Amino acid sequence: MERLPGFRDFYPEPLPHQDVWSADTRTYIFDAWRSVARRYCFREYDGPPLEPLELYTTKSGEEIVGQLYNFTDKGDRAVALRPEMTPTLARMVAAHARNYRKPIKWFAIPQLFRYERQQKGRLREHFQFNADIFGETDPAADAELIALLIDSLRALKLTAADFVIRLSSRDAWREFFKRGVGSAECGVEREYEFYQIIDKLAREDPAQTNSKLKALGFSLDAVNEFIAAGKPTAELDLILNNLSARGLAEFVKIDYNVIRGLAYYTGVVFEAFDKKGEFRAIAGGGRYDNLVKIISGGKVDLPGLGFGMGDVVLTELLKARGLLPPLNAHLHAFCLIEDEALRPASLKLIHDLREAGLTVDYSFVPTKPDKQFKRALELNAAFTVKLERTSTGEFALKVKNLKTREERVVDTARAAAFLLADK
């Protein structure tokens, strides 16, 4: 039976073939994400993978329904598998904002689902690192979030030669629109139409784009000049200076081509891209100061900002750059049981070593010594350990280093300390 299109099976290393995904790589990435988020004092949260459909249409409108796995459940409720985490987070924050000191700094690594056409870097499910801050309007919060994004990528050995954070601002575009030649004729109600044109600059024919802009009283040349100048707003200047003070200036540049979700983001926006341009955006985010108010029906008004970074593009990027470490399983020790009379004592030894934090394996059933040794080598064990009975009836523990093939007799009480010292 085949898995559904756009979904993945995750296998332990070594992989049976290159067309499946590595569970060990996923763990490696998740560990890096969690480690950096906790260093930044973000707390982990989670929510249900199934939510009321209304949660997503409230945020994104009815047009999002075509991208969802949605259905009517047995309680006659319209529900959907979560396509993103931020609406769930906004709902949770709105429900209990009074119980948490501000600013709220939370992160999650949810699995998300979208019924979309599959393409490079995009499947119908993926895992995503979400980090968000609520209750702070100062640009220092934006800088903190961008620094977290940068350090999350650096933790995976990516450098300034590999990626850049393109920093933009909806406020900068709003000011450009207001002072534009056609703003008086167009009126503010045409602003959204203008943003839609800007959002498609790279995907649409320039002549067609220019025609649409002229209808609003703008020109493609003026738009391109504004983008090329890349003059930061006062808010962006504060963020750039903050990141520069941390030594992170080389990872960031102003790029007004970035505009992001038109009905969602309210201020600073940003995206992370690989510098070679081989992949889709690695991550993206920005400020969304109105979402909690919208989700709560106006009952809670709390500014927010956040980003999301998916595992699909990131994994492809790490593979392309040769940055995934060897992830084959390895053991600290394999316990050889050559005398079945010593199996109970060997099981006690194995359990004690595991309680001390060591990875230890053994043969479940009686097996020839050479096959046990071969299994130890297959599992990439650092040592074999073997209990023997001395002539006086006491236990002797023989420990063999499988790299040097040196064998020593070690006191069973010191076995864990000995193996940990050579960990």
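The values are calculated or read from the model by the stated rules, or taken from the named source; none is laboratory data. Just so we're clear, the structure is a prediction, and the values are computed from it rather than from any experiment. Every residue, glycine among them, receives a Cβ derived from its backbone with ideal geometry; neighbour counts consider all protein chains shown. Accessible surface is based on the protein model in full, side chains and every heavy atom, while ligands, DNA and RNA are left aside. Shrake-Rupley method; radii C 1.70, N 1.55, O 1.52, S 1.80 Å.
Return the loop-located chymotrypsin sites (Phe, Trp or Tyr not before Pro) in the stretch 360-423 (DSSP other than H, G, I, E, B) with at most 15 other Cβ atoms within 10 Å of their own Cβ; answer none if there are none. Passing both the DSSP loop test and the Cβ count: 364. Within the accessible surface of the chain, defined with a 1.4 Å probe on protein heavy atoms only, the carbon and sulfur portion equals 50 percent.
How much length is gained if the chain between residue 290 and residue 249 is pulled fully straight, taking 0.36 nm per residue apart and subtracting their Cα-Cα distance, in nm to one decimal? Working shown, then result.
On the way: separation 41, 0.36 × 41 = 14.76 nm, distance 2.93 nm.
Stretched out fully, the residue 290 to residue 249 stretch lengthens by 11.8 nm.
Helix 86-96 and the longest principal axis of the C-alpha atoms of the chain enclose an angle of approximately 90°. For the chain, adding -39500 (n - 2.57) for each run of n ≥ 4 DSSP H residues and dividing by the number of residues yields -10500 deg cm²/dmol at 222 nm. As a calculated quantity, the FRET efficiency between residue 363 and residue 208 at R0 = 56 Å, using C-beta atoms, amounts to about 0.20. Under the combined filter of DSSP loop state and at most 13 neighbouring Cβ atoms within 10 Å, the stretch 129-181 retains none of its trypsin sites (Lys or Arg not before Pro).
Relative to the longest principal axis of the Cα atoms of the chain, the long axis of helix 170-179 makes an angle of roughly 10 degrees. A crude spin-label estimate for the pair residue 140 and residue 375, with each label 7 Å from Cα along the Cβ direction, gives 5.9 nm. Take every Cα pair under 8 Å whose residues are at least 6 apart in sequence, average their separation, divide by the length of the chain, and the relative contact order is 15 percent. Run the reach check for residue 74 against aspartates and glutamates, Cα to Cα strictly under 15 Å, same-chain hits fewer than 8 apart removed. What comes back? Filter leaves 51. If R0 is 25 Å, what FRET efficiency do you get for residue 34 and residue 329 from their C-beta distance, rounded to 0.05? Taking R0 as 25 Å, the efficiency between residue 34 and residue 329 is 0.75.
Taking every protein chain into account, the accessible area of the chain amounts to 52 square angstrom per residue (probe 1.4 Å).
In the stretch 105-258, what is the count of Lys pairs whose alpha carbons are under 16 Å apart, counting only pairs at least 8 residues apart or on separate chains?
Working: 178/214; 200/212; 200/214; 231/253.
Value for the stretch 105-258: 4.
By the rule of a C-alpha distance below 28 Å, with chain neighbours fewer than 8 residues away ignored, the lysines paired with residue 102 are 59, 293, 299. One decimal place: the segment residue 237-residue 77 gains 52.9 nm when fully extended, by the rule 0.36 nm per residue minus the C-alpha distance. Which of the aspartates and glutamates could be linked to residue 348 by a straight reach, that is with a Cα gap under 17 Å, when you skip same-chain ones fewer than 8 residues away? Partners within reach: 338, 339, 340, 361, 388, 394, 411.
GluC sites (Glu not before Pro), restricted to the stretch 374-423: which are DSSP loop and have at most 10 other Cβ atoms within 10 Å? All intermediate terms of the calculation are to be shown ahead of the outcome.
Details: sites: 378, 388, 394, 406, 407; in loops: 394, 406.
For GluC sites (Glu not before Pro) across the stretch 374-423 that sit outside H, G, I, E and B with at most 10 neighbouring Cβ atoms in 10 Å, the list reads 394, 406.
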